[in-house]
1. When ranked by the protection proxy of mean other Cβ atoms within 10 Å per residue, highest first, what sequence do the peptides 301-309, 346-354, 169-177 form?
2. Which order do the peptides 427-437, 40-50 come out in when sorted by mean C-beta neighbours inside 10 angstrom, highest first?
3. How large are Rg and Dmax for the range 472-519 when calculated on the C-alpha trace, in angstrom?
4. For the range 74-232, what does the alpha-carbon gyration tensor say about shape, rounded, prolate or oblate, given a ≥ b ≥ c as the root eigenvalues, a/c under 1.5 as rounded, and a/b over b/c as prolate?
5. What is the percent of Cα-Cα separations in the range 111-202 that go past 22 Å?
6. The range 73-98 to the range 477-531: how many Å between their Cα centroids?
7. For the range 202-239, which GluC sites (Glu not before Pro) are in a loop by DSSP, counting at most 16 other Cβ atoms within 10 Å?
8. Loop-only trypsin sites (Lys or Arg not before Pro) in the range 377-477, please: DSSP not H, G, I, E or B, and at most 10 other Cβ atoms within 10 Å.
Amino acid sequence: MRVTPLSLFRTVSRCPRTRAILPRAVQYGIRWLSSSSERQWSTPLAKSLAEAITTTGPIPVAAYMRQCLTNSEGGYYTRQTTGHDQFGAKGDFITSPEISQVFGELVGIWLYTEWIAQGRRGNVQVIEVGPGRGTLMADVLRTISTFKAFAKSIETIYLIEASPHLREQQAKLLAENVQLKETDSDMGIAGWSAPSKHITGCNVIWCEDIRFVPKKETETPFILAHEFFDALPIHVFQNISSSNIPVASKIITPTGSITPKHPTQPPRNQWHELMVFPTPSPSLSSTTAPSSSKAEVEEFQLTVSKTPTPHSLYLPHTSPRYKALSNTPNTIIEISPESLSYVSDFAVRIGGSSPPSTITSPSSSPTTPPFSKPTPSGAALILDYGTLNTIPANTLRGIRSHRPCSPFISPGLVDLSADVDFLALAESALSASPNIEVHGPVEQSFFLSTMGIKERAERLVRAAKEGHRLGQGKVDTENVKETVKRLEGGWKRLVDRGPTGMGRIYKAMAIVPYNEKVVRRPVGFGGDIVA
Ligand code: SAH
């Protein structure tokens, strides 16, 4: 199967760009030494992945993604980058908070409206998963700090980040000092902390996984996930008619083997997992590097597993949405159990957990202790690109230097992502907690427009022009023109509803407490501000 990158989903900057200067071997993918038959890999990670697969056999797409993105040696996010990080014009992609400060400001206002609507509760935890450079959180906290009572209610700010290098970047924007202290054991949190730059008396605590963030029934968690879920690994399954998964002619029992009386079952549709394995070695004759990066060689490829895998036997049977497709040959479905586990965690923090017997989602773990929350509180806001209601198929893609590329070149140097299945997230959240409700997904343009993006951007433009008028002579006219251009271009880009516009392909979804006495919609999802 070929993976067809759709359009560019982490957003391609429209600035003119030059290709990142990379070592030759990396730029052209693999090369071959004429003197030896040993295969040269584009990155050390490619080599170790290939060696591992040679020993264990093909690996699920999820395992490949996980290694490519967060392997501690050479993962895309976890590796040491030189000169610049993964984001912005010099990096590989640009995200909404990097495009306009208004994005983070509106998210901050959204949290404030929820805080008011839920009765201005104390013990607030602000949590962000996958904070990137920390730009979104900086804009959110700057905005929140102007609402004094809300700012006072914040106990701790938690950042869930796998990359030590990005943690350092985030500390530069968000902490009083960049010297992160390991949290001590009596705090009961495995992580690092530093005082917040924006919220007085509050600590920022970094953890590698949300499970390390304390869950207390008195806490009110406000959770943000922007372009996080698309980076979590997916399993991919293809529906095969006349499946060749062998039907045993003998059944092994403790007392010996028996031959079933009924005839072997006719072949039927089965879900087979797509697995990753290295491409065959190119011939030794291809000793020269291709002259154009177009010819970059894919070092890995997909194959349909002939036998069941632990995931193919389980995941496609966890939702009626997948079951409805179980007799449609060649259908492809993508399932991200890690995403489902994260979103279930969000739901439980807000509403408390469901009794164990009612949990059926693939994210449920029998070892998760029950968590009861007498008064549900808090909210989660998920913003990402993905489908409104269909199951993503064929969406694994690579992105490098603001261009789509194969996910199977230069492992660790290419960003990998996949569409988010919002409906699967909603299903998982609802089955994890009986006391939450889910709103959306709605298109980002709807969310931001109803949050007042146009009005906010226009106010900033007026302020920039006014500042210039009052400070004539002191303020550089060119700078002001540039600021105005950036502000106007920025917000319009975020709500652009063209076929590949950010306003259309990005979606927003919210999880809030369920309150049978007060039926309301959150702001940005069709609701009004509740005072
Ligand atoms: N929210 C940011 C960055 C998005 S990129 C923005 O919109 O600009 C994805 C982020 O998630 C990065 O910070 C990356 O290091 C982090 N990340 C990816 N996989 C992760 C994982 N499994 N656990 C924790 N953080 C992860």
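1. Packing proxy ranking, top to bottom: 346-354, 169-177, 301-309.
2. Numbers: 427-437: 23.2, 40-50: 20.1.
With the highest mean Cβ count within 10 Å placed first, the list reads 427-437, 40-50.
3. Calculated on Cα positions, Rg and Dmax stand at 19.3, 60 Å.
4. On the way: a/c = 1.76, a/b = 1.27, b/c = 1.39.
The shape class here is oblate.
5. Tail fraction, whole percent: 26.
6. What the calculation gives is 25 Å, centre to centre.
7. Values: sites: 208, 217, 219, 227; in loops: 208, 217, 219, 227.
Passing sites in the range 202-239 are 208, 217.
8. Taking the range 377-477 and a limit of 10 other Cβ atoms within 10 Å, the loop trypsin sites (Lys or Arg not before Pro) found are 474.
The values are calculated or read from the model by the stated rules, or taken from the named source; none is laboratory data. It should be emphasised that the depicted structure is a prediction, and the values quoted were computed from it without experimental measurement. Here Cβ is always computed from backbone atoms with ideal geometry, including for glycine, and neighbour counts include all displayed protein chains. With ligands, DNA and RNA removed, areas are computed over all heavy atoms of the protein, side chains included. Shrake-Rupley method; radii C 1.70, N 1.55, O 1.52, S 1.80 Å.
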